[in-house]
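Below are the structure tokens for one structure; questions will follow.
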Amino acid sequence: MQAQTVLYGEFAIAVRPERNARGAWIADVSVSRGAETVVDTRPSTVQPEWLTEEEAIRDGVEWGRRFIDREFNTPPSHSWVADRARAERWFRDTGES
């Protein structure tokens with residue numbers, strides 16, 4: 001089957017289903033934004049095997065969306081601990097210079 005591309009915000013998730021040595025379907029996933037490739041190939045240390053191409057494609061799209069949300073769409077922490085650490089670094093750096 002040909003690679004299928006799904007747009008997710010400003011990202012394109014390209015999924016190409018492939019058969020592995022055991023005959024199961026797995027998803028080869030790449031994520032890009034414009035001309036920049038963010039992930040060339042989904043890390044395949046352990047990945048699920050599927051009975052059909054459609055399941056593998058769905059899994060690849062879901063993985064791409066989770067990756068984008070985790071890496072690019074997570075708002076910065078508003079923790080007072082993190083704010084205090086930034087303030088301490090700023091005071092230290094200002095005092096040293």
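The values are calculated or read from the model by the stated rules, or taken from the named source; none is laboratory data. Bear in mind that the values here come from a model prediction, so they are computed numbers and not experimental data. Because the Cβ atoms are built from the backbone with ideal geometry, glycine has one as well, and the counts that use them run over all protein chains shown.
Within the range 1-32, track down each residue that is of a type in the set (Lys, Arg) and in contact (Cβ under 8 Å) with a residue 12 or more places away in the chain.
Hits for the range 1-32 are Arg16, Arg22.
Mind checking which residues of the range 1-41 are surrounded by 11 or more Cβ atoms within 10 Å (Cβ to Cβ), out of contact with any Ser or Thr (no Cβ under 8 Å at 6 or more places or on another chain) and among the acidic types (Asp, Glu)?
Once the filter is applied, which keeps residues that are surrounded by 11 or more Cβ atoms within 10 Å (Cβ to Cβ), out of contact with any Ser or Thr (no Cβ under 8 Å at 6 or more places or on another chain) and among the acidic types (Asp, Glu), the range 1-41 yields only Glu18.
Right, here's the next one. Restricting attention to the range 64-86, which residues are among the hydrophobic types (A, V, I, L, M, F, W, C) and at pLDDT 80 or above?
Phe67, Ile68, Phe72
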